[in-house]
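Inspection log for the structure reproduced underneath, given as structure tokens.
The values are calculated or read from the model by the stated rules, or taken from the named source; none is laboratory data. Because the structure is a prediction, the values reported are computed rather than measured. Note: ideal-geometry Cβ built from the backbone for every residue, glycine included; neighbour counts use all protein chains shown.
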């Protein structure tokens, strides 16, 4: 395959998230959408018809046709299907949470290494353009306050709000702080489902960082706010608006002054950037931005939070 030739890719699961994956691949200058798979034959046919590609109900029908796949099925199936593709030597991007259980995530990491396959985890906020100024400005963060709130939706009800929403921010916090959480205090309650729908956690890290995170899927409005306090620096990020505001305390001629800098990239779609990064890793055989180890670390902390909630 020449460098300019498009990477053949498929999408397994074309519900809400997977349909968007398929649409982005269909428009990609670097990828060629080969087909879509879904257990719901009519849904697969509808997406396939719209995008002009074959529709299938058996994931194995993609074997021999693709170099990589996006896997956007219910969480309980993440391990089984990702394992099948990695075992066949096909690179995979699996939606978050990486798997339902930690041992399943560890198995996928082992298999990817054994097969020399690319394994990327769909922590899409890593590709939000607001993350770059956050990472550059948030040196030695001391306190983090996060609110990720969503109106109720029938999607992703196979998992609780910690694995559905909060795990995005757990991943970002872990990305900003390289140490381990040494204290985890969490509360959460079910509201509209049998699983936890709103949760709050207070984390203390070995570095001294304190992080307070709230996630809800029963809110009246959508909120994606991430605030970081570092020495002489405050960063306010709005993931929904894809913008960041950075305030710094500097020594001016007349004494201490506060400067501010705003960055915004509302037209840069995180999903488009995520899939482009995945395709580049597949082509170049390079480490993905969010690899299996990252997915496992976020999943492990999410499970610790859930264990604290359940007592």
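Answer with yes or no whether residue 174 is touching a strand residue (DSSP E or B) at 6+ places or on another chain (Cβ under 7 Å), assigned by TED's automatic domain parsing to the domain that holds residue 130 and crowded, with 16+ Cβ neighbours inside 10 Å.
no
Counting only residues that are in a loop (DSSP other than H, G, I, E, B) and under 18 Å from residue 228 (Cβ atoms), how many does the stretch 141-184 have?
Residues meeting the conditions: 5.
Does residue 17 satisfy the condition of being assigned by TED's automatic domain parsing to the domain that holds residue 85 and closer than 22 Å to residue 96 by Cα?
Criteria met by residue 17.
Taking the stated definitions as given, is residue 286 surrounded by fewer than 20 Cβ atoms within 10 Å (Cβ to Cβ) and under 25 Å from residue 177 (Cα atoms)?
The answer is yes for residue 286.
Taking the residues in the stretch 194-213 that are outside any strand (DSSP E or B) and in contact with a helix residue (DSSP H, G or I) (Cβ under 9 Å, 6 or more places away or on another chain) as candidates, determine which candidate is surrounded by the fewest Cβ atoms within 10 Å (Cβ to Cβ).
Residue satisfying both the conditions and the ranking: 195.
Looking at (1) within 23 Å of residue 277 (Cβ to Cβ); (2) at pLDDT below 95; (3) surrounded by 15 or more Cβ atoms within 10 Å (Cβ to Cβ), which is the only condition residue 136 fails?
Against the list (1) within 23 Å of residue 277 (Cβ to Cβ); (2) at pLDDT below 95; (3) surrounded by 15 or more Cβ atoms within 10 Å (Cβ to Cβ), residue 136 comes up short only on (3).
Name the one entry in 111, 86, 93, 119 that is touching a residue at least 24 places away in the same chain (Cβ under 8 Å) and more than 14 Å from residue 288 (Cβ to Cβ).
Exactly one residue qualifies, and that residue is 111.
Keeping to the stretch 79-101, report how many residues are farther than 19 Å from residue 282 by Cβ and over 14 Å from the mean Cα position of the chain (by Cα).
4
Can you tell me how many residues in the stretch 214-251 are closer than 22 Å to residue 136 by Cβ and part of a strand (DSSP E or B)?
Qualifying residue count for the region: 22.
For residue 217, state whether it is surrounded by 14 or more Cβ atoms within 10 Å (Cβ to Cβ) and in contact with a helix residue (DSSP H, G or I) (Cβ under 6 Å, 6 or more places away or on another chain).
Judged against the criteria, residue 217 is a match.
Specify which of the listed residues (154, 141) is under 24 Å from residue 237 (Cα atoms), more than 19 Å from the chain's Cα centre (by Cα) and not assigned by TED's automatic domain parsing to the domain that holds residue 280.
Matching residue, one of 154, 141: 141.
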